[in-house]
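The next block holds one structure in the form of structure tokens; read it before the comments.
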Amino acid sequence: MLILGLETSCDETAAAIVQKDRDGVKILSNVVASSQSIMAKYGGVIPEQAAREQLKSIIPVITEALEQTQLTPKDLDGIAVTQGPGLIGSLLVGVETAKTLSLVWEKPLIPVNHLEAHFYANWIGEDQPSFPCIGLLVSGGHSDLVLFSDHNKYQYIGGTRDDAAGECFDKSARVLGLPYPGGPNLSKKATEFRAMNSQSKMILPRPMLNDGSFDFSFSGLKTAVINLVKDLGPQLLENNDQVAEVCAAIEDAIVEVLVKKTVRAAQIYNIDTIIVSGGVATNQTLSKELSKNFHGRVLIPPPYLCTDNAVMVASCALFNYQAIDPLKVEANPNLSLMTKEA
Ligand code: KG4
Ligand code: ZN
């Protein structure tokens, strides 16, 4: 089975060709064009600009993904595309391109939920997750916990009530004067601080830590960071050591909540495998703390498969092959993760 995957939900334009056989899932090509450096000038993603960059990149990216494999469209068994959630202008570029290619090349079209696709970065290679498993998705817009019992069959057990973990990283980084994208830059500073000191003495709130639910809330933490930065005064931004200490305190708070809730979910449902995905899954403190606090298997994809890419979209389609009439597929910016009994 050979699938061409397309991903255009935000500021990355990606195409990949992925193959599934008896030995597992192999990446034949993986091309990502990012407009992140353009967005860095504005300190965040400008939706119209992101959509324009998608339009410029989509055909060259698909062409390169095919050229790297020396395959022709005839060899494909299907085209998978991110249907949502994401920015509508960006999504439309991928979805309309995929529909057109599906009709012209006469290949089945498989629409994919971007959030489900993130989990499928864990199915690349030979060492695949086993069911049941707990899935933690932590990206820029989402923080969700699901209990997978099989492919296409999962129970939504909790998620953020307001801001996502990635958003909390990004907004906190912004008030600390760190460049976009904030998450990795904030984490780098936190690591710098820990290399010289044991632990930050600044304690920030751990929202909903012990409330018994599997939901998250990060907006209160974001407000606490804004207030702390105000209290420390404008001289804070000139004091690299103190900024690094605030970064460590923020990362400690976010990671502790994510790890405690995820490990508790695995214990309560009696699960021995946790799979993590999404941009925040590249966070080293998160992976270290999860492995330290959970005695089962913790699977986290390599960083290039945690952030947005098309390999995960193709991989998701390989395990959930549901072709739809291309004329009936529409971009859906509001797709979410909901319990699936199929
Ligand atoms: O999954 P992703 O690439 O895009 C979305 O679908 O949202 O996730 C992007 C998010 C951003 O908020 C970014 O700051 C965060 O992932 N991120 C990190 C790290 N690397 C990326 N957050 C914390 N630590 C990191 N190392
Ligand atoms: Zn994503």
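Going by what's in this entry, would Ala51 be described as aliphatic (A, V, I, L, M) and within 16 Å of ligand 2 (Cβ to nearest atom)? Here the answer is no, as Ala51 does not meet what is asked. Within the stretch 272-296, residues that are closer than 14 Å to Lys261 by Cα reach partners that are away from ligand 2 (no atom under 16 Å from the Cβ) and hydroxyl-bearing (Ser, Thr, Tyr) with beta carbons closer than 7 Å, at six or more positions or on different chains, in the pairs Ile274/Thr262; Leu290/Thr262. The criterion of at least 2 residues that are within 10 Å of ligand 1 (Cβ to nearest atom) is met, among helices (runs of 4 or more DSSP H) falling completely within the stretch 249-321, by 284-293, 303-306.
Condition test on Val329, is it modelled with pLDDT of 95 or more, surrounded by 15 or more Cβ atoms within 10 Å (Cβ to Cβ) and in contact with a Phe, Trp or Tyr (Cβ under 9 Å, 6 or more places away or on another chain)? First the steps, then the outcome.
Values: modelled with pLDDT of 95 or more: yes; surrounded by 15 or more Cβ atoms within 10 Å (Cβ to Cβ): yes; in contact with a Phe, Trp or Tyr (Cβ under 9 Å, 6 or more places away or on another chain): no.
So Val329 fails the test.
Scanning the stretch 112-135 for residues that are touching a Phe, Trp or Tyr at 6+ places or on another chain (Cβ under 9 Å), within 16 Å of ligand 1 (Cβ to nearest atom) and part of a strand (DSSP E or B) returns Val112, Gly135.
What do you reckon, is Leu55 in contact with a Pro (Cβ under 9 Å, 6 or more places away or on another chain) and either part of a helix (DSSP H, G or I) or not polar (S, T, N, Q) (or both)? It is false that Leu55 is in contact with a Pro (Cβ under 9 Å, 6 or more places away or on another chain) and either part of a helix (DSSP H, G or I) or not polar (S, T, N, Q) (or both). Scanning the stretch 96-155 for residues that are of a type in the set (D, E, K, R) and either more than 16 Å from ligand 2 (Cβ to nearest atom) or surrounded by fewer than 20 Cβ atoms within 10 Å (Cβ to Cβ) (or both) turns up Glu96, Lys99, Glu106, Lys107, Glu126, Asp127, Asp150, Lys153. When the stretch 146-163 is limited to residues that are in contact (Cβ under 8 Å) with a residue 60 or more places away in the chain and within 16 Å of ligand 1 (Cβ to nearest atom), the one that is farthest from Arg206 (Cα to Cα) turns out to be Val146.
Residues checked against (1) polar (S, T, N, Q); (2) under 20 Å from Ser37 (Cα atoms); (3) more than 21 Å from the chain's Cα centre (by Cα):
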site	(1), (2), (3)
Cys168	no, no, no
Arg174	no, yes, no
Gly182	no, yes, no
Lys188	no, yes, no
Gln199	yes, no, yes
Met202	no, no, yes
Asn210	yes, no, yes
Phe214	no, no, no
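Take the conditions in contact with a Lys or Arg (Cβ under 9 Å, 6 or more places away or on another chain) and within 16 Å of ligand 2 (Cβ to nearest atom) and apply them to Ser277. Does it pass? When the stated conditions are applied, Ser277 does not pass them. Among the residues of the stretch 70-92, the ones that are on the phi < 0 side of the Ramachandran plot and either assigned to a loop (DSSP other than H, G, I, E, B) or crowded, with 24+ Cβ neighbours inside 10 Å (or both) come to 13 in all. Summed over the stretch 200-248, residues that are in a helix (DSSP H, G or I) and acidic (Asp, Glu) total 4.
The values are calculated or read from the model by the stated rules, or taken from the named source; none is laboratory data. These numbers come from a predicted model, not from an experiment. A quick note on method: Cβ atoms are made from the backbone with ideal geometry, for glycine too, and the neighbour counts reach across all protein chains shown.
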